[in-house]
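Presented below is the structure to which this report refers.
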Amino acid sequence: MTVCNLISKLQLRFTKVLSFGFCIILLVLTLSTPALAQERDQMVRFAKIKVDPLQLVEYTTALKEQMETAVRVEQGVLSYHAVADKSDPTTITILEIYADSAAYQTHILTPHFLKYKETVKDMVKSLELVDLNIIGIAKKPDH
């Protein structure tokens, strides 16, 4: 085998490896782009709520019912995470994630959400809604 033939074969192998690598990169980008676009379109919000201490049990019951129903029956309601301040359980923060703003607009007109709003109207002392942008997500699979 001449040096020229050896160089030619090496160039061919290098070209195949490079082409394969390019295909892998292209595949990864193609598969991840919809996920990135979906995250970018999501509507994420904190609801910061102060609840009347005498009605806290009733409030949390109404909240859990609304959250569970919304996630179960609404395609665009992706998740809720409700937490209470350890030092003041009447201070509740809810992380709400919707597929997009249209899903949120649909959600606030549903019978279960309207029932929740009517039920808790005299329990909630203050409500602050904070719209957020996702800047990163890290989670274990299946969690």
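Report the residue count in the range 59-76 for those that are of a type in the set (A, V, I, L, M) and closer than 25 Å to residue 122 by Cβ.
Narrowing the range 59-76 to residues of a type in the set (A, V, I, L, M): 62-63, 67, 70-71, 73.
Filter once more, so that each one left must be closer than 25 Å to residue 122 by Cβ: 62-63, 67, 70.
The qualifying residues number 4.
A quick yes/no check of all residues on (1) surrounded by 11 or more Cβ atoms within 10 Å (Cβ to Cβ); (2) charged (D, E, K, R); (3) within 23 Å of residue 40 (Cα to Cα); (4) without any contact (Cβ under 8 Å) to a residue 12 or more places away in the chain:
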position: 71; (1), (2), (3), (4): yes, no, yes, yes
position: 78; (1), (2), (3), (4): yes, no, yes, no
position: 101; (1), (2), (3), (4): yes, no, yes, no
position: 106; (1), (2), (3), (4): yes, no, yes, no
position: 112; (1), (2), (3), (4): yes, no, no, no
position: 115; (1), (2), (3), (4): yes, yes, no, no
position: 133; (1), (2), (3), (4): no, no, yes, no
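Condition check: over 15 Å from residue 122 (Cβ atoms) and surrounded by 12 or more Cβ atoms within 10 Å (Cβ to Cβ). Does residue 82 satisfy that?
Numbers: over 15 Å from residue 122 (Cβ atoms): yes; surrounded by 12 or more Cβ atoms within 10 Å (Cβ to Cβ): yes.
Judged against the criteria, residue 82 is a match.
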Just checking, how many residues over the range 103-143 are assigned to a loop (DSSP other than H, G, I, E, B) and under 13 Å from the mean Cα position of the chain (by Cα)? 8
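Within the range 83-102, how many residues turn out to be in a loop (DSSP other than H, G, I, E, B) and under 15 Å from residue 128 (Cα atoms)?
Narrowing the range 83-102 to residues in a loop (DSSP other than H, G, I, E, B): 85-90, 99-100.
Within this subset, residues satisfying the condition of being under 15 Å from residue 128 (Cα atoms) are 90.
Total meeting the criteria: 1.
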If you take the residues of the range 44-69 that are over 15 Å from residue 91 (Cα atoms) and surrounded by 14 or more Cβ atoms within 10 Å (Cβ to Cβ), which of them is nearest to the chain's Cα centre (by Cα)? 44
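All of the numbers you see were taken from the coordinates with simple rules; none came from a lab. All of these numbers come straight from a predicted model, not from anything done at the bench. All Cβ positions, glycine included, derive from the backbone under ideal geometry; neighbour counts span all protein chains shown.
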